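Have a look at the structure below, then the notes.
The values are calculated or read from the model by the stated rules, or taken from the named source; none is laboratory data. Because the structure is predicted, anything quoted here is derived from the model rather than measured. Cβ: placed from backbone, ideal geometry, glycine included. Neighbour counts: every protein chain shown. Just so you know, the surface numbers come from the protein's heavy atoms only, side chains and all, with ligands and any DNA or RNA stripped out. Shrake-Rupley method; radii C 1.70, N 1.55, O 1.52, S 1.80 Å.
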Amino acid sequence: MRVLLVEDDPELSDGIASFLRGQGDTVMQESDGMRADQLLQAESIDFALVDVGLPGLGGYELVRRIRSRQQAVPVMLITARDALDDRIYGLDLGADDYLAKPFQLAELTARMRAVLRRGKYATTQSISFGPLTLDLDGRLAALNGEPLNLTAREWTLLEALAAADGRTVPKDHLQADASGNAVEVYISRLRPRLEPAGLLIRTVRGFGYRLELGPGH
């Protein structure tokens, strides 16, 4: 997807953008609401992540302008404001979802997928990589057409690797918990199940992992 991320906190913006790019998305970063509004009118955007407290033009006003132009772009507000009235106001303006800071990046992407599954934004929600097929809507995996049973954490890891389409995914984007060893454990469980079909999880030392097709596949 082409994602417009409108966030004036550079550290948070870079963190979200890096995570989404690791999943294969194209991310345009903007810190000013007015410039973001101009981009939305000039570029083809598949999803907008909008902070409420923006310089130049606030997130609420940006949403109002998007909907007044009848732009059918899904919008999620991300903000430190978690009061019920704030959430209702944002949704009533036309936002599709509202995520309060702080949040986990995995929850952000799960909510984005949920928005895309709804009515007018519905698209084919599947990822294929070689013999692997992931049905994102039903959270079903298949390898050479045969069901592949996965735990929730195995699914999350494999989805991120498949979505990257052969690019390396940084280890910290796959981190399961603070122990530092959980990713390696789940990767070691996935490898012997994928390798007979010619699908390899390659370790890129000091950086992360990527999904590859083995020789002859």
(request) Evaluate the relative contact order of the chain (contact order divided by residue number), counting alpha-carbon pairs under 8 angstrom at least 6 apart; express in whole percent. (result) 14
(message) Using a 7 Å offset from Cα along Cα-Cβ at residue 165, what residues in region 1-35 end up with backbone N under 16 Å from the label point?
(response) 1-3, 20-28
(request) With all distinct Cα pairs included, what does the Kirkwood hydrodynamic radius of region 12-124 come out to in Å, to one decimal, could you say? (result) 14.3
(request) Give the accessible surface of region 126-213 per residue, rounded to a whole number of Å², with probe radius 1.4 Å and ligands, DNA and RNA excluded. (result) 50
(request) Before anything else, pin down the relative contact order of region 126-213: Cα pairs under 8 Å, at least 6 apart, normalised by residue count, whole percent. (result) 26
(message) For Cα Rg over 2.2 N^0.38 Å, one of [x] 1.32; [y] 1.09; [z] 1.26 was computed from the structure I shared and the rest are decoys. Which label?
(response) [y]
(request) Can you send over the solvent-accessible area of residue 67, 1.4 Å probe, protein chains only, in Å² to the nearest 10? (result) 50
(message) Per q in 0.18, 0.20, 0.24 Å⁻¹, report the Debye log10 I(q)/I(0) for region 126-213, using one uniform scatterer on each alpha carbon and no solvent.
(response) -0.72, -0.90, -1.32
(message) As a test, work out the antiparallel percent of DSSP beta bridges whose residues both lie in the chain, rounded to the nearest 5.
(response) 50
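How much length is gained if the chain between residue 41 and residue 128 is pulled fully straight, taking 0.36 nm per residue apart and subtracting their Cα-Cα distance, in nm to one decimal?
Working: separation 87, 0.36 × 87 = 31.32 nm, distance 3.20 nm.
Stretched out fully, the residue 41 to residue 128 stretch lengthens by 28.1 nm.
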(request) Check each of the trypsin sites (Lys or Arg not before Pro) in region 83-113 and keep only those in coil by DSSP with at most 12 other C-beta atoms within 10 angstrom; list them in order. (result) none
(request) In whole angstrom, note down how far apart the Cα centers of region 131-164 and region 1-72 are. (result) 29
(message) Charges on Cβ only, +1 for Lys and Arg, -1 for Asp and Glu, centred on the Cα centroid of the chain; of 28, 115, 186, which one is farthest towards the dipole's positive end?
(response) 186
